[in-house]
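J.: After the structure tokens below, expect a handful of questions from me.
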Amino acid sequence: MPAKPTTIDDYLAAVPVDQRAVLERLRKTIRAAVPQAEECLNYGVPAFRVGDKSVAGFGASKNHCSFYPMSGKVVSVLRTDLAGFETTKGSIHFTAAKPLPAALVRKLIEARLGEIAAKPPRSTKAVGTTRKSARKPKLPGRTKKRRQSG
């Protein structure tokens, strides 16, 4: 069993030549559309992240390649633009013979970035923090004295 890739270059090196060429072009298109993005592997596939949000990803399967907009909403919003490509809730399938046009990739990324910008930031409050758990801890040996009735 081959070793798991640790970089996008490692991932692409293991892909068949025809798919590798189309995925390398896709990678360049994504980098041009989101130059501030960091390349990473997300769930074992090449991805691009801005801050803590994944913006796009891609992968190769036996019979096709996939573009992952990292959002099912993006696929449904741009469904008419994706006519002619097989889609799932979160991916767009294409082949080396029929790659995704660069303009469509840019449109998908713009939609994803817009979706990210529209979402309010997550709360910085720790999950599970309650008023009770935020109280000062009791110090050992310091307990309340009980009133004695008498």
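J.: Please indicate, with yes or no, whether at least one residue in segment 56-65 is charged (D, E, K, R), surrounded by fewer than 14 Cβ atoms within 10 Å (Cβ to Cβ), out of contact with any Pro (no Cβ under 8 Å at 6 or more places or on another chain) and not in a loop (DSSP other than H, G, I, E, B).
T.: No, segment 56-65 contains no residue that is charged (D, E, K, R), surrounded by fewer than 14 Cβ atoms within 10 Å (Cβ to Cβ), out of contact with any Pro (no Cβ under 8 Å at 6 or more places or on another chain) and not in a loop (DSSP other than H, G, I, E, B).
J.: Related question: Being closer than 16 Å to Leu26 by Cβ and touching a Leu at 6+ places or on another chain (Cβ under 9 Å) is the filter; apply it to segment 75-95 and report the residue that is surrounded by the fewest Cβ atoms within 10 Å (Cβ to Cβ).
T.: The residue in question is Phe85.
J.: All but one of (1) within 24 Å of Lys119 (Cα to Cα); (2) among the hydrophobic types (A, V, I, L, M, F, W, C); (3) assigned to a helix (DSSP H, G or I) hold for Phe48; state the number of the condition that does not hold.
T.: For Phe48, the failing item is (3).
J.: Sticking with this structure for a sec: State yes or no: is Gly44 crowded, with 18+ Cβ neighbours inside 10 Å and within 19 Å of Asp10 (Cα to Cα)?
T.: no
J.: A further question follows. Just wondering, is there one or more residues in segment 98-111 that are modelled with pLDDT of 95 or more, surrounded by 12 or more Cβ atoms within 10 Å (Cβ to Cβ), part of a loop (DSSP other than H, G, I, E, B) and of a type in the set (Lys, Arg)? Reasoning before the result, please.
T.: Within segment 98-111, the subset modelled with pLDDT of 95 or more is 98-111.
Now narrow it down to the ones that are surrounded by 12 or more Cβ atoms within 10 Å (Cβ to Cβ): 98-102, 104-111.
Now narrow it down to the ones that are part of a loop (DSSP other than H, G, I, E, B): 98-101.
Those left that are additionally of a type in the set (Lys, Arg): 98.
Looking for residues that are modelled with pLDDT of 95 or more, surrounded by 12 or more Cβ atoms within 10 Å (Cβ to Cβ), part of a loop (DSSP other than H, G, I, E, B) and of a type in the set (Lys, Arg), one finds at least one in segment 98-111, hence yes.
J.: Is there a residue being at pLDDT 95 or above, in contact with a Ser or Thr (Cβ under 9 Å, 6 or more places away or on another chain), in a loop (DSSP other than H, G, I, E, B) and within 21 Å of Leu12 (Cβ to Cβ) anywhere in segment 69-80?
T.: yes
J.: Could you pull out the residue among Tyr68, Tyr11 that is more than 21 Å from Ala102 (Cα to Cα) and touching a residue at least 12 places away in the same chain (Cβ under 8 Å)?
T.: Tyr11
The values are calculated or read from the model by the stated rules, or taken from the named source; none is laboratory data. Model, not experiment: these values are computed from the prediction. Positions of Cβ are generated from backbone atoms using ideal geometry, with glycine treated the same way; all protein chains shown enter the neighbour counts.
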